[in-house]
Amino acid sequence: MKKPAAKRPTSSSPGKVREFPIALLGQKFMGKAHSNAWSQVARFFDLPLEPVMHTVAARDAAELTAFARRWGWRNACADWRQIAQLDEVRLVDIGTPNHLHKEQALCMLQAGKHVACEKPLAATLDEARVMHEAALAARRKGQQTFVWFNYRRVPAIGLAWRLLREGKLGRVRHVRAHYLQEWGGPQTPMSWRFEKKLAGSGAHGDLNAHIVDLARFLVGEEIECVHGAVARTFIQSRAAPAGTKSARKRCDVDDSLLFCASFEGGATASFEASRLAIGHQNDNSIEINAEHGSLRFGFEDMNLLWLADGDGRGKTDGFRRIMCTTAGQHPWVEAWWPSAHLLGYEHGFVNMAADMLRQLAGKKPEIPLPDFEDAYQTQRVLEAALQSARKGASVRLDQVR
Ligand SMILES: NC(=O)c1ccc[n+]([C@@H]2O[C@H](COP(=O)([O-])OP(=O)(O)OC[C@H]3O[C@@H](n4cnc5c(N)ncnc54)[C@H](O)[C@@H]3O)[C@@H](O)[C@H]2O)c1
């Protein structure tokens, strides 16, 4: 590993911004999204901690130095375990494939670091449980954990959460959520995402993880039962990556998984994930029908929240379009551009980095952050749906631990 650059003096006096060294594991899709978040966050938000991009680790040694230089990481190393030895690193951010989350998180928690992990928390429920238990033990020593359910930090979702907490919409009756993409056709070559031992599941863990988290978060209750699920693998094999012996590799994860569920308070819910829904590019959508109104969000129009509050306008009653870009009214917006200048995908990650740094300094995030405990509850729902699809039967969550 390259020698760290000289550290800037760190102040711990109140009111002063303290430096907060971070390390990142992984340097591809999420590596880029997280690097962007850590490099932007202190430019836009006034924060009690200033992230220092200390070290990035990933296995593609050839690309790593250029990646570190481009994104402003001070050091790069091809062996992620070395990060545990870096005393000055306070938070380790995990953006690697799902099967690595448990080993990496446990190692870093053991080394006394705070940990932010990508979703799903793990490839399997067994792994997620161990991570959850390790996080509980670490919490007693003052360490925090986070899971990158970044869609919680889209201003429209933040507003939906606040409206539901205010209570005017009343009890939730139905949740209808789908997360549909189209990139997983037969032309897409093999990758870790199509291998059960690396990913855990397919569209399910990748996409349903996000909408189960959103549904639990917005409703504010736990799911009690999965009433039925259906999973399909339509593409059985894919072109193997260059350098592999055989020309094709078998895919053993779902391309699509749909399930119905109910919440503790009685609300019904449906979830639908697919990588084969042609025409839907990144369609992460959720609708909530409550006693006195409905809310609707779709990520492909992420600055909008639709509200129908049944306010009796007669022939003009219906869903109203709210552009969630007003500083002071909508969460995180005032840190960005003048009102009505739209936000995009990357802003959710920067907003999340800001909230993590606030919470790490003992301050309140804009809205609650998901930790390993929270993500473990989502993983239980994902596991219940997998069991339900296998058995062709309902699965109660109290049977899934
Ligand atoms: N929050 C979101 O919206 C979102 C979006 C995409 C992916 N993800 C999650 O992020 C994680 C990473 O996904 P991605 O799309 O960035 O994957 P990717 O394939 O683009 O990148 C994976 C990275 O992990 C590194 N890596 C792989 N094996 C390694 C090993 N043994 N040791 C060290 N590094 C290793 C690779 O070098 C690469 O840099 C997954 O858990 C995925 O589910 C989340």
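Derivation of every value follows stated rules applied to the coordinates shown; laboratory data play no part. Please read all numbers here as calculations on a predicted model, not as lab measurements. Reconstructed Cβ throughout: ideal geometry from the backbone, glycine too, with neighbour counts over all protein chains shown.
As a proxy for reagent exposure, ranking 249, 141 by other Cβ atoms within 10 Å from fewest up yields 141, 249.
Other residues within the sphere of radius under 10 Å centred on the Cβ of residue 178, judged by their own Cβ, net out at -2 (K and R +1, D and E -1). In terms of distances greater than 25 angstrom between alpha carbons, the cross-link table entries 119/168; 32/113; 32/249 yield 119/168; 32/249. From largest to smallest, the equivalent ellipsoid semi-axes obtained for segment 18-150 from the alpha-carbon gyration tensor read 22, 17, 14 Å.
Fewest first, what order do 255, 213, 79 take by the number of other Cβ atoms within 10 Å? Ordered from fewest to most neighbouring Cβ atoms within 10 Å, 255, 213, 79 come out as 79, 255, 213. Within the chain, DSSP assigns beta bridges of which about 60% are antiparallel (rounded to the nearest 5). For the options 215, 68, 128, a Gaussian network treatment of the chain with springs between C-alpha atoms closer than 10 Å singles out 68 as fluctuating the most. Comparing 69, 153, 296 in a Gaussian network model of the chain, where Cα atoms under 10 Å apart are tied by springs, the biggest mean-square fluctuation is seen for 69.
Net charge of the neighbourhood of residue 216, taken over other residues with C-beta under 9 Å away and scored Lys/Arg +1, Asp/Glu -1, is -4. Ordered by the number of other Cβ atoms lying within 10 Å of each residue's own Cβ, fewest first, 364, 245 fall into the sequence 245, 364. Charge tally around residue 99: other residues with Cβ under 11 Å, Lys/Arg +1 each, Asp/Glu -1 each, net 0. Only Lys, Arg, Asp and Glu carry charge here, each on its Cβ (+1 for the first two, -1 for the last two); on that basis segment 18-150 has a dipole of about 120 debye about its Cα centre. Using a 10 angstrom cutoff on alpha carbons, build the Gaussian network for the chain and name the most mobile of 345, 179, 151. It is 345.
Please work out, to two decimal places, the log10 of the ratio I(q)/I(0) at q = 0.13, 0.15 Å⁻¹ from a Debye calculation in which every Cα of the chain carries one identical scatterer. After summing over all Cα pairs, the log10 values are -1.17, -1.50. Shown in residue order for segment 158-163 are the 3J(HN,Hα) couplings computed by the Karplus curve 6.51 cos²θ - 1.76 cosθ + 1.60 at θ = phi - 60°: x, 5, 4, 4, 5, 4 Hz (x for Gly and Pro).
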